[in-house]
Amino acid sequence: MTPLTFEAFTKKIYIKAPVKTLYWYWATEEGITSWFLREAHYVSVEGTNRNATDPIQNGDRYTWKWHNWNGQESGSILQTNGKDFLEFSFANDVCTCSVTLEEVENTTLVTLRQYGMPTDEKTKMELYNGCSCGWTFWLANLKAYLEHGILLNEKDVDLTEIPQAGHIFVNM
């Protein structure tokens, strides 16, 4: 087993949904905004905006906006195979995230890996701690949404003005 370090982490969850369905929820604007983001925009290598239901492609650029956070994330789609794997730059291109979908009996194993993170103290707190906690929640939110039709993230109370809200609230 790979030793734990602050350079990378892996999060896994089984979700009772087909690989094809899960891929759509990760790889389209319409899909990813239904359970994860407030807004998502994808632009092709040629500079054209992707339609909300078009799957992302290698080289696309993205802009993401979360609920309860006024900032935005921009990056690139580094790899996608159109069925069970995607990889994107993250945290303003500081690191990389990959999502692998694997059919296991009547379920899909979702494996998210965030890696290539610097190990200075600021990055350890913001990316390792913050993102590790964040991805844990968002993967659980995806499971709740697809298996039970509910969303767990906070939408009714505005948390944007609460200092360190992302480190305090578990459903941000």
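The values are calculated or read from the model by the stated rules, or taken from the named source; none is laboratory data. In this text the structure is predicted, and so the values were computed from the model without any measurement. Note: ideal-geometry Cβ built from the backbone for every residue, glycine included; neighbour counts use all protein chains shown. With ligands, DNA and RNA removed, areas are computed over all heavy atoms of the protein, side chains included. Shrake-Rupley method; radii C 1.70, N 1.55, O 1.52, S 1.80 Å.
Condition check ((1) at pLDDT 95 or above; (2) farther than 29 Å from LEU159 by Cα; (3) of a type in the set (S, T, N, Q); (4) under 17 Å from the mean Cα position of the chain (by Cα)) across all residues:
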| site | (1), (2), (3), (4) |
| --- | --- |
| PRO3 | no, yes, no, no |
| VAL19 | yes, yes, no, yes |
| THR33 | yes, no, yes, yes |
| SER74 | yes, no, yes, yes |
Filtered residues of the range 67-104 (kept if open to solvent by 50 Å² or more (accessible area, probe 1.4 Å), in a strand (DSSP E or B) and of a type in the set (D, E, K, R)): GLU102, GLU103
Residue within the range 125-133 that is within 29 Å of LYS20 (Cβ to Cβ), in a helix (DSSP H, G or I) and open to solvent by less than 50 Å² (accessible area, probe 1.4 Å) present: yes
Hits in the range 8-66 - residues which are surrounded by 14 or more Cβ atoms within 10 Å (Cβ to Cβ), among the charged types (D, E, K, R) and part of a loop (DSSP other than H, G, I, E, B): ARG38, ARG50, ASP54, ASP60
In the range 141-169, the residues that are of a type in the set (A, V, I, L, M, F, W, C) and either within 22 Å of LEU4 (Cα to Cα) or exposed (fewer than 13 other Cβ atoms within 10 Å of the Cβ) (or both): ILE150, VAL157, ILE168
